[in-house]
1. Report the Stokes-Einstein translational diffusion coefficient (µm² s⁻¹, integer) for segment 74-121, Rh taken as the Kirkwood radius over Cα pairs, at 37 °C with viscosity 0.692 mPa s.
2. Take Trp22 and Lys4, extend 7 Å from each Cα along the Cα→Cβ direction, and tell me the distance between the two endpoints in nm.
3. What spacing in nm lies between the two simple spin-label points modelled at Ile409 and Ala168, each 7 Å away from Cα in the Cβ direction?
4. Using a 7 Å offset from Cα along Cα-Cβ at Val243, what residues in segment 198-224 end up with backbone N under 16 Å from the label point?
5. Among Arg201, Arg403, which comes first, then next, by fewest other beta-carbon atoms within 10 Å?
6. Work out the length of the dipole vector of segment 155-211 about its Cα centre, built from +1 on the beta-carbon of each Lys and Arg and -1 on the beta-carbon of each Asp and Glu, and round it to the nearest 20 debye.
7. Given 0.36 nm per residue, what is the gain on full extension from Val108 to Phe184 after removing their alpha carbon distance, in nm?
8. What nm distance separates the two modelled labels at Thr419 and Ile401, each placed 7 Å from Cα along Cα→Cβ?
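FYI, it's all coordinate maths here, none of it is from the lab. Just so it is clear, the structure is predicted and the values come from calculations on it, not from any experiment. With ideal geometry, Cβ positions are generated from the backbone for all residues, glycine too; neighbour counts draw on all protein chains shown.
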Amino acid sequence: MAIKRDIANIKLAAEGKKKIEWAERSMPVLRLIRERFTKQKPLKGINIAACLHVTTETANLMRTLKAGGANTALCASNPLSTQDSTAAALVKEYGIPTFAINGENNRVYYKHINQALDFKPHITMDDGADLVSTLHKGRRNMVPHVLAGTEETTTGVIRLKAMSDDNALLFPVVAVNDSKTKHFFDNRYGTGQSTLDGIIRATNMLIAGSTVVIAGYGWCGRGVASRAKGLGANVIVTEVDPVKGIEAVMDGYQVMPMAKAAPQGDLFITLTGDINVIRMEHIRKMKDGAIICNSGHFNAEIDIPAMKKASKKRKMLRPQVEEYTFGKKKVCLLAEGRLINLSAAEGHPAMVMDMSFANQALSAEYVVKNHKKLERRVYVVPEKIDAEIARLKLKSMGTTIDRLTPEQIEYLSSWEMGT
Ligand code: ADE
């Protein structure tokens, strides 16, 4: 039977397969899970609709879920992050229904989400909560099928918690983002590297000696700040949270409001998860030639509608680089303000996605086993799963660590012993 799909070009499948296999080499934990899933089939008969960035790393997750016995369907979680060759290989080489075309417009983006929902998921797997949100808004007839969902990213977890607080969430969701083996590594080292990778691929700019303004000092902002500093940038951090502000100061960065940073920056990167962090009042103060981009989940962190309204002229200078003219000043916006790391580069390296997607695969197995005990709210990944992923990752790196001695175990569990 023909695999259902809406992709750019099936002829790209052979190229996509090679790239997926290349990524697989750096995903040893997911590979081990796939080997076990192949034998045990813990997801047998389970329909999984996934709304994730369609990358080579995601393809390896989809293969793992399929090996576990799941019927999977995949759509894109961002219109610009789809790798068309990966989508083609998913369909042709791995038999996975895929609905994703790089550059798709908003209408097609939601059409694809609905096509994934047509598979009547028992598990929803989201990156940003658009799948769950679409299901709750217009596809409520799907709710009785759903055992639970999983969520990959900070922004999605925030949306789901808001739904849960409003009593609007109709099934349990596991916040994969919140497990330690996800956000300590993917958000920090993954975003840190891939954001600069995207900026450099798009512009070929020199980071050394430039002033980089980073909006938001969460795990992603911390990662990007550290990598930009490592490449020789003068880093300015903007924050709204006083604790994160102190942390950025003590990590050695200048901290100030965006209005003060605006005239100083050569490159601006938003990673806040909030809206309109860079507005016209800031852009008007920027240097001629300043570069602005976003690495937060949604393209709402820069007030692009206001930029479009205020600009006299817009011009594409090279792929992903659009110049806006405001009077005598020109400012460049990268990748339409969408995730720069996935629009202009390939997202996080497979080495780090290995842990994120091990969390997804094991969380899917967990909800199949435990859904009857779960309520309609947001759950963290069980600590046992988190620890097991860390153990396997360390092992795959050939790194060993110490074990507690019996005396240390006793010491840690006693309260009588002091100095
Ligand atoms: N999110 C960030 N990087 C990613 C990648 N390489 N694949 C899937 N999702 C991602």
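1. Estimated diffusion coefficient is 306 µm²/s.
2. 3.2
3. Between Ile409 and Ala168, the simple spin-label model gives 4.8 nm.
4. 217-220, 222
5. Going from least to most buried by this count: Arg403, Arg201.
6. 140
7. 24.0 nm
8. Here the answer is 3.0 nm between the modelled labels.
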